[in-house]
1. Over segment 2-62, what per residue volume does the convex hull of the Cα atoms give, in whole Å³?
2. To the nearest 10 degrees, how steep is helix 29-45 against the longest Cα principal axis of the chain, on a 0 to 90 scale?
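What follows draws every value from the coordinates through simple rules; no lab data is involved. Keep in mind it's a predicted model, so treat the numbers as computed, not measured.
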Amino acid sequence: MKKNLNNALKFLKEDGIIICDDYFWKLDGHKLEIRIRAINNVVNENTLKIVAVTAKQIFLKKIKF
C-alpha cells in the first residue's frame, strides 16, 4: 500500500487530490492496522493535507511546502 501511494504521489500535481479507498478496510484486525498505518505514514512523510474521511475513504491533498 505504501509503495503504491508513494508512486501515485509522484504524478499528483500540487493541489491535486488522491482518494485512498478502503481506509477502514477490515478483513481482520491486523490488515486494518497495516493499511491505516501505511497511509498515515505517507501523510506524515509528505506535504499532504487530509481533506475528508468517510466510512471507507480518505481524501488527501498535495500542498505546497
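1. In segment 2-62, the Cα convex hull volume per residue is 69 Å³.
2. 10 degrees
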